[in-house]
Amino acid sequence: MGSLRRRALVLAAFALAACDGLVIRLEAGERECFLIDVKAEAAVSGNFELISEVSSKPLTVVVSGEASAGGPLYETVGEPDGTFAFDVGGDGVIDICIANGKKGRNDGLPRTVGFAIRTTVHHAADEEGSLDALLDVSEELNEGLLTLTDHQAYMRRREENHQRTLASTRTRVFYWTIGETVVLVALSLWQIFYIRGFFETKRML
């Protein structure tokens, strides 16, 4: 817990455009960072969503880059979900870090977070209605569809978590019911034998 793990995603810009959302589990106080190589004049966009049914107060998401002049490109604290988008001036590395509180300052609860980050290339459009302008519009529409797809994937993951919790609860209730039944039957038998023994002893006296 509290350790910083950095994962380098060796993906080209064109590959990131088709990258599906990822899901990670963070223990209390844990932080994970992902490094992505991007090309000049790229448009970076992404989203995140807390899948666990717990408070989002300790959740922190920070996106930074080599050309961000020391400040983050995007940062949010305590939000259950969000989206971000910005342009990249030159070749470099984008760093997205997700933290579940801080070491020694957390609520002790693990959290599952889904996130996605993608890049597209801007097309210099000289006039409205040109091919490059239409490509930009189509890429914006595609990004909206991908964000919706990510959200649906997060919802499916949350539903899977609910189903596992429900199955686990049913199993515990089933075994608890069996245990109660066994105890009640044993107690009833004990009472029967005790009362019968009591009257047999009294009859002998």
- Query: Taking the highest mean first, how do the peptides 34-43, 83-92 order by number of other beta carbon atoms within 10 angstrom per residue?
  - Reply: 34-43, 83-92
- Note on the structure: Length gained, Arg170-Ile195, 0.36 nm per residue minus C-alpha separation, equals 5.3 nm
- Item | Karplus-derived HN-Hα couplings along the stretch 85-90 (A = 6.51, B = -1.76, C = 1.60, θ = phi - 60°), whole Hz, x at Gly and Pro | 7, 7, 9, 10, x, x
- Message: Apply the Karplus curve 6.51 cos²θ - 1.76 cosθ + 1.60, θ = phi - 60°, to the phi angles in the stretch 175-191 and return the couplings in whole Hz, x for Gly and Pro.
- Response: 5, 5, 5, 4, x, 4, 4, 4, 5, 5, 5, 4, 5, 5, 4, 4, 4
- Cut-off under 5 Å, modelled amide H: who pairs with Ala42 long-range: Val88
- Long-range amide H partners of Asp81 with built H, under 5 Å: Leu50
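Read the figures in this text as sums done on the coordinates, not as results from a lab. Owing to the predicted nature of the structure, the values given are computational and were not obtained by experimental measurement. So basically every Cβ, Gly included, is an ideal-geometry build from the backbone, and we count neighbours across all protein chains shown.
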